[in-house]
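Visitor: Here it is: the structure, laid out below.
Just so it is clear, none of the values below were taken in a lab; they were calculated from the coordinates. Computed from a prediction, not measured in an experiment: that's the story for all the values here. A quick note on method: Cβ atoms are made from the backbone with ideal geometry, for glycine too, and the neighbour counts reach across all protein chains shown.
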Amino acid sequence: MSKIYLSEGDILYSNRSTPLVKIVADKVGRHDFLLTPCSKDTFSIIYGDKKPHHGCEGNLQKAFLEQGLKLDGLPTTFNIFMNVELDEKGHIKVSPPRSKAGEYIILEAMEDLIVGLTACSALQSNNGSFKPIGHEIVS
Ligand SMILES: [Zn+2]
């Protein structure tokens, strides 16, 4: 079944329809898969910054380029713990994350991957607050 709120048991595919990652455990159950990563344009258009920084998109592009990978583009990212809701008219609202301290999501790679992680600095993406989120990569 197709859905926008991915959780336990769901698989994330590449933009070439290759299964990449399976969500094997998810104690939160709400993550965003609609919004693009923040970018220079995000900070210019939404926040009105006169000298916008490159945001998550720029961070990911730079990190992958340092690995010798030029990305096709980043139409969307899997935004773990980001709580984006739709109303009946299709309006998008970024609400406070549903996650609580100690809750987690476990992703299992289905093939060897280079994964980019970025801590978003956009106010709306973080509902106006910034808290550290831990991560661990186990092989
Ligand atoms: Zn961001």
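Visitor: What distance in nm separates the simple spin-label points at Met1 and Thr18, each placed 7 Å from Cα in the Cβ direction?
Guide: Placing both labels 7 Å beyond Cα along the Cβ direction yields 3.0 nm.
Visitor: Here is a follow-up. Please give me, ordered by residue number, the GluC sites (Glu not before Pro) of the range 1-97 that lie in loop per DSSP and have at most 11 other Cβ atoms within 10 Å. Could the numbers behind the result be given before it?
Guide: Details: sites: Glu8, Glu57, Glu66, Glu85, Glu88; in loops: Glu8, Glu88.
Taking the range 1-97 and a limit of 11 other Cβ atoms within 10 Å, the loop GluC sites (Glu not before Pro) found are Glu88.
Visitor: How long, wide and thick is the range 43-139, going by the Cα atoms along their three principal axes, in whole angstroms, largest first?
Guide: 39, 36, 27
Visitor: Can you give the relative contact order of the chain as a percent, counting alpha carbon pairs under 8 Å and 6+ residues apart? Don't skip to the end; give the middle numbers.
Guide: Values: 202 pairs, mean separation 37.8, N = 139.
So the answer I get is 27 percent.
Visitor: With θ set to phi - 60° and the Karplus curve 6.51 cos²θ - 1.76 cosθ + 1.60, what are the ³J(HN,Hα) couplings of the range 83-97 in order, to the nearest whole Hz, using x for Gly and Pro?
Guide: 9, 10, 10, 10, 9, 5, 9, x, 5, 9, 9, 8, 9, x, x
Visitor: Let me ask you something else. Rounded to the nearest 500, what is the chain's calculated 222 nm mean residue ellipticity when only DSSP H runs of at least 4 contribute -39500 (n - 2.57) each, over all residues?
Guide: So the helix-based figure for the chain works out to -3500 deg cm²/dmol.
Visitor: Still on this structure, please answer the following. Considering only Cα-Cα distances, which of the following residue pairs are longer than 19 Å: Lys40/Lys62; Lys51/Lys93; Lys100/Lys131?
Guide: With Cα atoms farther than 19 Å apart: Lys51/Lys93.
Visitor: For Lys51 and Leu71 in one chain, what is 0.36 nm times their gap in residues minus the Cα-Cα distance, to one decimal in nm?
Guide: 4.8 nm
Visitor: Here's something else I'd like to know. Based on the Cα atoms of the range 40-90, what semi-axes does the equivalent ellipsoid have, where each is the square root of 5 times one gyration tensor eigenvalue, given in whole Å with the largest first? Mind showing how you got there, number by number?
Guide: Details: eigenvalues 119, 63, 17 Å².
Those come to 24, 18, 9 Å.
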